[in-house]
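What follows is calculated from the coordinates using simple rules that are stated; it is not laboratory data. Just so we're clear, the structure is a prediction, and the values are computed from it rather than from any experiment. Cβ placement follows ideal geometry from the backbone for every residue including glycine, while neighbour counts extend to all protein chains displayed.
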Amino acid sequence: MINGMVKLFKALLPDVMKTAFYPCCSLDIEEPIRLLTGYVDKIIFCDLNPSLRSRWTHILKNITDLNLPEIEFIVGDARKVCEQLTEIDILFYRRDSTGEGGSALFVLGDMILRPLLKHFSSDGGLIFTDGSNSRGGNFSKMIRRNGLIKHGWKFSTTTDQPYFEEYGLWKISVVMLEYQVIKF
Ligand SMILES: C[S@@+](CC[C@H](N)C(=O)[O-])C[C@H]1O[C@@H](n2cnc3c(N)ncnc32)[C@H](O)[C@@H]1O
């Protein structure tokens, strides 16, 4: 119901309230805020570790040169949190692993990507990622020439790649298949 209302609201006012979701963020707060400024109005950071809370607050307090977007921190398991999200427009995800200190969550694998897609706007969205914790070749297919069609969505790299050279982040468009425009 709430999701439906958010969708209706966005359809009527397409330029309002774009939201990014960054699961397993740890202390990676400031740079993503800077990179996502201009793309979204709200960023939802999520991590399982409750001891990060005070350090998140400290980092935020020290960002004084920016008009901050709305920031939400969620302490919790990203698998559960992604079920409870309302609408998101951007997935931001990087520098995770299956090794020590990593979440071992395959955010770019079907088990998490698929439920996350339910929260993407039908107008489509973006993924900014370095490809960490992909599974089933999802990431390498997303960035290949023809992209990836999966779960009713098309993933492909955008022509602009503003964060690749400096940050190793790919910008990937996420388009609902029925909304694809085919040009000849
Ligand atoms: C390798 S660190 C992520 C580093 C961060 N992305 C960066 O760029 O600095 C992995 C993080 O995932 C968090 N984590 C582990 N399991 C998780 C889960 N199930 N849900 C959410 N966060 C989780 C850990 O607490 C840890 O902070």
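Quick notes on this one:
- Put a plus charge on the Cβ of each Lys and Arg, a minus charge on the Cβ of each Asp and Glu, and nothing anywhere else: the dipole of the stretch 18-179 about its Cα centre is then about 480 debye.
- Packing-based exposure ordering (other Cβ within 10 Å, fewest first) of Asp160, Asp77: Asp160, Asp77
- In order along the stretch 48-53, phi translates into HN-Hα couplings of 6, 7, x, 6, 7, 3 Hz, rounded to whole numbers, per the Karplus curve 6.51 cos²θ - 1.76 cosθ + 1.60 with θ = phi - 60° and x for Gly and Pro.
- Computed from the alpha carbon atoms alone, the convex hull of the chain holds 133 Å³ per residue.
- 5 angstrom amide H check on Lys150, placed H, neighbours 5+ away: Phe155
- Within the stretch 12-78, the ratio Rg/Rh, alpha carbon atoms throughout and Rh by Kirkwood, equals 0.98.
- Positive-end extreme of charge dipole, the stretch 50-115 - chosen from His58, Leu85, Gly109 (charges on Cβ): His58
- Sequence-distant residues sharing a close amide H with Ser103 (under 5 Å, placed H): Ser97
- Where labels lie 7 Å past Cα in the beta-carbon direction, separation of Arg144 and Asn62 in nm: 4.3
- Gain in span if fully extended, Ile71 to Thr159, counting 0.36 nm per residue against the direct Cα distance: 28.8 nm
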